[in-house]
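Peer 1: My structure is below; once you've seen it, I'll send some questions.
The values are calculated or read from the model by the stated rules, or taken from the named source; none is laboratory data. Everything numeric in this text was worked out from a predicted model, so none of it was measured. No Cβ is skipped: glycine too gets one built from the backbone with ideal geometry, and neighbour counts run over all protein chains shown.
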Amino acid sequence: MIALQVLLVLLRELLRTATVPLRLLAYLPFRHHWRKVAREVLDAASHQAPADVDSELAAFFAHRQPRRGERAHLFVSAGEASGELHAANLVRALPATVRTTAFGGHQLTDAGADVRYQLSEHAVMGVVGVLKQLPLILRAFATYLRLLRTDPPDLVVLVDYPGLHVVMAKAAKRRGIPVLHYVAPQYWAWGPWRMRRYRRAVDATLTILPFETAFFRRFAVPASYIGHPLLDEMAANPPDPAAVAAVRATRTLVLMPGSRRAEIEANLPGMLNIARALRAREPALRVVLPHKNPRRTALLREQLRIHDGAFVEHHEGQLGTWLAGAHLVLAKSGTGSLEACLHSAPTIVVYRLRGLLSTLGYHNILSVPWIAGANLIAGRTVVPEHCFAGDDGWQRVQADAELLWFDVNARARALADLAEVRARLGAPGATARVARIVERFLLPPSSR
């Protein structure tokens, strides 16, 4: 029976994948409508205070049911390392009376969850990655279906990883098990046509960017902003003031070309050219390339060697000290660029497109007017951002870099704007807020 269910789901998902080009073509005539919707949501969100969780998630709490066993049973799933960190922090924040089974890896095991499948140890991305790991994904889904049948949880919490997790959410909903998605997917940027399927799959979603809540609620998905986990990470690991002062002693340019090989190869050469241009005007400046992932050390050093980057210092470990002390950061768009902004570092966001498909996608499918998290949060341009396909785009990046490096007034405006972004994200405590929502759903008031 389970084998048949897995086969049917596989066939359905393969059919969905095969029809993606047709859905994209059907979307194109309406892209201006979706861009208008996204702009309206961003404008509205930038002028609204966060709503009360009780009102935002009332429909979700209405799905609460009598628990199935003696102890409340939570199932949580994380498909990659960063999501597993959020999931593990959530498990630690819940009372011991909650029994947790999970898909994930060693972080969830260490947090006390009963990990039934090592999903995050085999993280996959993209269609090609999914096809390569298809047997693993099918085994994971079969294991999940068995758990839903033999040991059904009272609540399913799926962290990020929307591809597989939406399929898992639908399977839980068919069995009457409530589903909460933690870290909402970026459908507001790519593929808003997927909202109908998402609405049917989850009972509520938790967002980590303030404007996202308005988008999901506009499409009848109960949603609540719980804060950005980056704020928790920064609060737990504040940079040492003495170390930050040591970085600031010499004006420092920080390069963040990305975490994946393709991103590093696309962005690092252009960033190095900008560093050379700044050094030509200020020979004493320091150029640093910090990186969290030690598995990328060999690649980064190879790229520095190939592109004559001997003047660049490469450092492994946490980024906070370098970002807090930087005079300027050049960052590939993503979480790293937002982290730089939250450390009050004047930042330029870069995304160099590679290939025809990515270029067409950026110009025709992207719904929002910006790619930088700071700009989306503010609802206006507060950090320069550049998304381009050819090498000519680096000239515009260089012009902004020279302005933010040397112009005192431009730097003052940038710092004021970054303070606004930080304020809009609110206080740390994302994990505690998620834990309160889950605990309220699973446990009666007398047992909390």
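Peer 1: Please tell me if VAL421 is of a type in the set (Val, Ile, Thr) and touching a Ser or Thr at 6+ places or on another chain (Cβ under 6 Å).
Peer 2: no
Peer 1: Please find, among ALA111, ALA169, ALA140, ALA123, the residue that is hydrophobic (A, V, I, L, M, F, W, C), under 27 Å from THR17 (Cα atoms) and at pLDDT 95 or above. Even if it seems obvious, please write down each step before you answer.
Peer 2: Working: ALA111 fails: under 27 Å from THR17 (Cα atoms); ALA140 fails: at pLDDT 95 or above; ALA123 fails: at pLDDT 95 or above.
Testing whether each residue is hydrophobic (A, V, I, L, M, F, W, C), under 27 Å from THR17 (Cα atoms) and at pLDDT 95 or above leaves just ALA169.
Peer 1: Next up: In segment 298-330, which residues are modelled with pLDDT of 95 or more, under 19 Å from ARG279 (Cβ atoms) and among the small types (Gly, Ala, Ser)?
Peer 2: Selection gives GLY325, ALA326.
Peer 1: Can you pull out the helices (runs of 4 or more DSSP H) entirely within segment 365-441 that have at least 3 residues that are within 17 Å of the chain's Cα centre (by Cα) and of a type in the set (A, V, I, L, M)?
Peer 2: Once the helices (runs of 4 or more DSSP H) in segment 365-441 are filtered for at least 3 residues that are within 17 Å of the chain's Cα centre (by Cα) and of a type in the set (A, V, I, L, M), what remains is 373-378.
Peer 1: Does segment 283-290 contain at least one residue that is in the same structural domain as GLU316 (by TED's automatic domain parsing), among the basic types (Lys, Arg) and in a helix (DSSP H, G or I)? It would help to see each step written out before you state the result.
Peer 2: Our first condition is that a residue be in the same structural domain as GLU316 (by TED's automatic domain parsing); within segment 283-290, this holds for 283-290.
Checking which are among the basic types (Lys, Arg) leaves us with 286.
Filter once more, so that each one left must be in a helix (DSSP H, G or I): none.
No, the conditions are met nowhere in segment 283-290.
Peer 1: Consider ALA235 carefully, then state whether it is modelled with pLDDT under 95, buried (at least 17 other Cβ atoms within 10 Å of the Cβ) and over 22 Å from GLY79 (Cβ atoms).
Peer 2: no
Peer 1: Among the residues in segment 370-392, are any among the polar types (S, T, N, Q) and over 24 Å from HIS32 (Cβ atoms)?
Peer 2: First pass over segment 370-392, keeping only residues among the polar types (S, T, N, Q): 375, 381.
From what is left, the residues that are over 24 Å from HIS32 (Cβ atoms) are none.
No, segment 370-392 contains no residue that is among the polar types (S, T, N, Q) and over 24 Å from HIS32 (Cβ atoms).
Peer 1: Out of PRO210, PRO257, I need the residue that is within 21 Å of the chain's Cα centre (by Cα), surrounded by 18 or more Cβ atoms within 10 Å (Cβ to Cβ) and under 25 Å from ALA435 (Cβ atoms). Which one?
Peer 2: PRO210
Peer 1: Condition check: surrounded by 14 or more Cβ atoms within 10 Å (Cβ to Cβ), over 23 Å from LEU404 (Cβ atoms) and touching a residue at least 12 places away in the same chain (Cβ under 8 Å). Does ARG301 satisfy that?
Peer 2: Yes; evaluated as a whole, the condition is true for this residue.
Peer 1: Just the residues that are in a helix (DSSP H, G or I) and closer than 30 Å to ALA324 by Cβ, please, taken from segment 337-364. Write out each step before concluding.
Peer 2: The initial filter retains those residues of segment 337-364 that are in a helix (DSSP H, G or I), namely 337-342, 356-364.
Hits for segment 337-364 are SER337, LEU338, GLU339, ALA340, CYS341, LEU342.
Peer 1: Within segment 330-364, restricting attention to residues that are farther than 27 Å from PRO239 by Cα and touching a Lys or Arg at 6+ places or on another chain (Cβ under 7 Å), which residue is surrounded by the fewest Cβ atoms within 10 Å (Cβ to Cβ)? Lay out the reasoning, then the answer.
Peer 2: The initial filter retains those residues of segment 330-364 that are farther than 27 Å from PRO239 by Cα, namely 351-364.
Among the residues that remain, those that are also touching a Lys or Arg at 6+ places or on another chain (Cβ under 7 Å) are: 351, 364.
Values: TYR351: 23, ASN364: 11.
If we take residues in segment 330-364 being farther than 27 Å from PRO239 by Cα and touching a Lys or Arg at 6+ places or on another chain (Cβ under 7 Å), then ASN364 is surrounded by the fewest Cβ atoms within 10 Å (Cβ to Cβ).
Peer 1: Right, something else. Go over the candidates LEU15, LEU10, LEU24, LEU4 one by one and state the one that is over 30 Å from LEU147 (Cβ atoms) and outside the structural domain of ASN375 (by TED's automatic domain parsing).
Peer 2: Residue meeting the stated conditions: LEU24.
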